[in-house]
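Note sheet for the following structure.
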Amino acid sequence: MSRTVIIADSTCDLPSDWVRQLDVRIVPTYVNFGTESLADDGVELTRNAFYTRLVSSTDLPTTAAPSLGLTRQIMKQALQDADLVIGITAPAKLSGIYNTFRLVAEQTDPSRVTLIDSGMLSMGMGWQIIAANEMLAQGLGPTEIKTRLEAMQPYINVWAALDTMVYLRRSGRVGWAAAFVGDLLQIKPLIHLQKSVISSVTRVRTSQRAFDKLVELAQQAAPLERLAVLHTNNLDKAYRLTDALHDIRPDASSSRYNFAIVDVTPVIGVHVGPNGLGLALVRQN
Amino acid sequence: MAEHSSQPKPEHIACDGHTLLRLVQVGCDWLDQHHTIVNQLNVFPVPDGDTGTNMLMTMRNAAREAQQNASNHIGQIAAAVANGAMMGSRGNSGTILSQLWQGFAHALRDQSTLNAELLVKGLRQASDTAYRGVIKPVEGTILTVAREAAEEAELAFEDTQNMVLILERVVLRAKDALSRTPEMLPILQKAGVVDSGGSGLTYIFEGMLKYVRGEAVDVTSIEVGPVEDLAFVLEPEDELGYGYDVQFILKGESLNVDVVRSAIDAMGWSTVVVGNENVIKVHVHVHDPGIPLSYGISLGAIADIVVENMQEQYHDYVRERTEQPAAFDEPETQFATAFGMELQENDVGVVAVAAGEGLARVFQQLGAAQLVMGGQTNNPSTQELLEAIQRVPTRNVILLPNNKNIFLAAEQAARLAKKQDVVVIPTRTMPQGISALLPYDPQGELQQVAAAMTEAKDHVITGEITTATRSVELDGVDVSQGQIIGLIDGKLAISGDSLEHVMRDVLETIRITEHELITLYYGVEVNQADAEALAADLREEYPEQEFELVFGGQAHYDYILSSE
């Protein structure tokens, strides 16, 4: 039986112990403060330090796709270790990561590499990696896995309640947010990501209202196959949200990997700001 | 009275279109001369929707529209009156008044002249239409006066075909019904007033009666614009000038309201005396306030005395009415939503009523496509609301009245917007409107967007801080004129002598410590430094809560706050 490994970019937010257990190869993306470029590998850039710096920094940090060189290095290693490679990335519509993977695949051994645009960020992508891994264990091949993941994508939702509109607006990645005029009242957007599209669900003015809305959305989506509570430097609230969702938390017997509390990568944090709270869940189909 | 009515002139037996126009004009004029009294019949001691002014604007537009119709056909004139009233209607009483005309016109629609039978039928249909026009008809209001007037007309018709006699009985019954409104509506009783809308309608009937009896009604031209002519019409009653407005409550035993009324009426003019054998509310305009006050003391104890120099009031009034707030400057971005996208025909657009320039900007930033300036004291007309709806380039429109007194005009405007589907969300305050606008999704489906917005309006508690316009005891709160008062969700809750105290009491009453964010919208009369100082004090006092200070620009209300 041929051996297959998965490589993914670091915006998947997969917990580091899961990454080790599952032998998923992660390509780091970058946060740049001015001319200083820091890899999102949990070493150069710790999350605590990042959010402190994000708030205090007068210049907006930027994010960068992984370098071609580093990606090629990781891809080559994977091709050496295995017969086939599945690459899973952030949405091509939102970042250059997919394209980097594509170029590297063409430069190495395209016939052995299957690329999948997750259409998702954070654990919305992370859950696809977990699912792909379970499918590999069932003996499915890359093509079948790709088909199945694409069929699964409509059942995945990422919701994020941002503490402020400021970061999303100035990041420029989301057209409607960039065009959002409004500085008279503080507004907390609640956004939705599905199939590469970030849309506004509603706007609220208090974090309690945002919290309640997330609970409501999760309850409407139940029963759940997998659930991740996401936060940007907002661990207390993440615990509270976890408690509030206790009743709909996926049954632990179905998979070892179906619940996580995740501190979102700085690469996404740059665009959403601190004190955000969110959910990445997979509905049962 | 009897000698007039016993000798009806032949032309009073039937009535053509010209006569109806004349009746509308004199009804309007008589209301004009008394609309300030109607305005004062305000339950709440707050500056809010002036019923007299609202009804007058409605009647003016009715008369103007009818005057432009050259027909002598009564059905056509009545239709023009009804249409003019509808387009000009503002405030709840104005809107109900327009519906009375609607019903009246419907009864007359195919007729060229009016006779007693049609008059009676018209009054009945007027009343029925108005009752149907409100979701929950409340007795003790203009509706009661309209209904009893219709009932009296029916009774009178059993005795006579003479329209003058019928109208006489209608006026008497309207006055009687009006005097009983406090018995039907406890809030009127508590406030010591009769219903303002019912009073306005009674004046209209009375003006018409005066005309058919050949009595003088100071008829002024309705061609004059609405701003200047108020000053013109309010000319002093005589060379002594305006004199004083005297109000007090007389408490005693076995008081005879009718006797007190005729005694007070002999002392001055614009008399309103209502009450029962234990409590009588007296309102009269006199040159010497000592005379009615002494008379009151001779009968019992007097309380809540208000004496106002009407000469000064007159000047204030004219100044207020002629210094209209500047129309909100509508920038090019009006049609863009808050998300920067142009509204498309199939989108949902929003029209919001804003009480101040700052509030208007907030609504605009949150995505309102069209704004109508108006609020507590200047309720927009049905026509203004309709035009705003029509300016929105979408087929689906949501209208936020943001004031209880604008509901009926808003609903009327929604019905009149034939080419668009309009949903009125019953937002009672500016903060409710702002909260409702948060989940607004221009690309959503109308009913779903409306449902989300309706739910969101109740996410905030509204506080309003203003100055009492008169003394009253209401909802267990004792208020003296000129005191600072605090309202919570439209209900009088706090009174006090300093704004800071009232603000704190309001915040404590709404249990501020259970809330997260308090937004303070400061009014046009508050200076920014004072508002900032107040916000700084509150932040220090309640460190767990977040305070946001925003210029609202509303008149009369120093602060409108939302707590959530």
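In terms of distances greater than 31 angstrom between alpha carbons, the cross-link table entries B:210/B:281; A:213/B:419; A:93/B:457 yield A:213/B:419; A:93/B:457.
Across chain B, the relative contact order, built from alpha-carbon pairs under 8 Å that are at least six residues apart, equals 12 percent. Assuming a ≥ b ≥ c are the square roots of the Cα gyration tensor eigenvalues, decide whether the range B:332-457 counts as rounded (a/c under 1.5), prolate (otherwise, with a/b larger than b/c) or oblate. Here the range B:332-457 falls in the rounded category. So if the hydrodynamic radius of the range B:417-459 is defined as the Kirkwood radius over C-alpha pairs, what does Stokes-Einstein give as its diffusion coefficient at 37 °C and 0.692 mPa s, in µm² per second? In µm²/s, the coefficient is 308.
Each DSSP beta bridge with both residues in chain B is either parallel or antiparallel, and the antiparallel ones are about 70%. In this calculation the C-beta distance from residue A:80 to residue A:222 is compared with R0 = 35 Å, giving a FRET efficiency of 0.20. Using only alpha carbon pairs under 8 Å that are at least six residues apart, calculate the relative contact order of the range A:4-152 and give it in whole percent. Answer for the range A:4-152 is 27 percent. Under a model in which nothing but the beta-carbon of Lys, Arg (+1) and Asp, Glu (-1) is charged, chain B shows a dipole of about 1920 debye around its Cα centre.
Here's the picture: charge each Lys and Arg Cβ at +1 and each Asp and Glu Cβ at -1 in the protein assembly as shown, and of B:462, B:264, B:53 the one pushed furthest to the positive end of that dipole is B:462. Residues of the range A:191-211 falling in the label zone of residue B:546, defined by backbone nitrogen less than 14 Å from a point 7 Å along Cα to beta-carbon, are A:203-211. What does the C-alpha gyration tensor say about the overall shape of the range B:461-563? Classify as rounded when a/c is under 1.5, otherwise prolate if a/b is larger than b/c, or oblate. Oblate, because a/c is 1.5 or more while a/b does not exceed b/c. Alpha-carbon geometry of the range A:55-117: the Rg and the Dmax are 14.1, 47 Å, given in that order.
Annotation: amide H of residue B:244 within the under-5 Å range of B:286, B:287, B:310, sequence separation 5 or more or interchain, hydrogens built in the peptide plane.
Reported to the nearest whole Å, the Cα centre-to-centre distance from the range B:116-180 to the range B:418-448 is 37. Dipole check for the range B:2-219: with +1 at the C-beta of Lys and Arg, -1 at the C-beta of Asp and Glu, and the Cα centre as origin, the magnitude is about 460 Debye.
Note on the range A:4-152: Rg/Rh from Cα positions, Kirkwood definition for Rh, rounded to two decimals, is 0.98.
Look at the dipole of the range A:155-283 built from charges on Cβ: of A:262, A:279, A:160, the Cα furthest out on the positive end belongs to A:160. Shielding value for A:77-84 is 0, the average number of Cβ atoms from other chains within 10 Å of each residue's Cβ.
Taking chain A as a Gaussian network, Cα atoms linked when under 10 Å apart, which of A:192, A:231, A:246 shows the biggest mean-square fluctuation? Highest fluctuation of the listed residues: A:246. Computed over chain A, the convex hull of the alpha-carbon atoms projects to a mean area of 14.4 nm². The GluC sites (Glu not before Pro) found in the range B:449-527 that occupy coil by DSSP, while having at most 12 further C-beta atoms within 10 Å, are B:525. Note on the range A:20-73: semi-axes of the ellipsoid equivalent to its C-alpha gyration tensor, largest first and rounded to whole Å, are 23, 15, 7. Here the calculated FRET efficiency for residue A:32 and residue A:99, from their Cβ-Cβ distance with R0 = 25 Å, stands at 0.85, rounded to the nearest 0.05. Other residues whose C-beta falls under 15 angstrom from the C-beta of residue A:11 contribute a net charge of -2, scoring Lys and Arg +1 and Asp and Glu -1.
Our coupling estimate for the range B:387-399, obtained by passing each phi through the Karplus curve with A = 6.51, B = -1.76, C = 1.60 and θ = phi - 60°, is 5, 5, 4, 5, 6, 6, x, 10, 7, 10, 9, 10, 10 Hz, Gly and Pro reported as x.
The alpha carbons of the range B:508-562 occupy a box of 30, 19, 15 Å along the principal axes, longest dimension given first.
Simple spin-label estimate for residue B:445 and residue A:56 gives 5.1 nm between the two label positions (7 Å along the Cα-to-Cβ direction from each Cα). Modelled label positions at residue B:501 and residue B:135, each set 7 Å beyond Cα in the direction of Cβ, lie 3.9 nm from each other.
Distance distribution note for the range B:2-219: the fraction of Cα pairs above 32 angstrom is 10%. Averaging 1/r across all pairs of distinct Cα atoms in the range A:155-283 and inverting the result yields a Kirkwood radius of 14.8 Å.
Write down Rg/Rh for the protein assembly as shown, rounded to two decimals, with Rg from the C-alpha atoms and Rh from the Kirkwood relation over Cα pairs. Spell out each step's value before the answer.
Numbers: Rg = 34.7 Å, Rh = 31.1 Å.
Here the Rg-to-Rh quotient is 1.12.
In this simple spin-label approximation, residue B:421 and residue B:110 carry label points 7 Å from Cα along the Cα→Cβ vector, and these lie 3.6 nm apart. Using Cβ point charges alone (K and R +1, D and E -1), the dipole size of the range A:66-214 about the Cα centre works out to roughly 660 debye. The alpha carbons of chain B stretch over 76, 60, 39 Å along the principal axes, in descending order.
Sequentially through the range B:22-39, phi angles give Karplus couplings (6.51, -1.76, 1.60; θ = phi - 60°) of 4, 4, 5, 5, 6, x, 5, 5, 5, 5, 3, 6, 10, 5, 5, 5, 4, 4 Hz, Gly and Pro residues having no value and appearing as x.
For the range B:77-160, what is one quarter of the convex hull surface built on the Cα atoms, given in nm²? Mind showing how you got there, number by number?
Working: hull surface 21.7 nm².
Reported value for the Cα convex hull: 5.4 nm².
For the range A:268-280, backbone phi angles converted through the Karplus equation (6.51, -1.76, 1.60; θ = phi - 60°) give residue-by-residue couplings of 7, x, 4, 8, 10, x, x, 6, x, 9, x, 9, 10 Hz, Gly and Pro being listed as x.
When only Cα pairs below 8 angstrom with a gap of at least 6 residues are kept, the range B:416-535 shows a relative contact order of 16 percent. Computed from Cα atoms, the angle from the helix A:142-152 axis to the main principal axis of chain A rounds to 20 degrees. DSSP beta bridges fully contained in the range B:332-457 are about 5 percent antiparallel. For the range B:244-308, a/c is not less than 1.5, where a ≥ b ≥ c are the root eigenvalues of the C-alpha gyration tensor, and a/b tops b/c. That puts it in the prolate class.
For chain A, DSSP calls about 65 percent of its internal beta bridges antiparallel.
Taken together, the values in this text are just the output of simple stated rules run on the coordinates, not laboratory data. All values reported here derive from a predicted model rather than from experimental measurement. Glycine also receives a Cβ, built like all others from the backbone with ideal geometry; neighbour counts cover every protein chain displayed.
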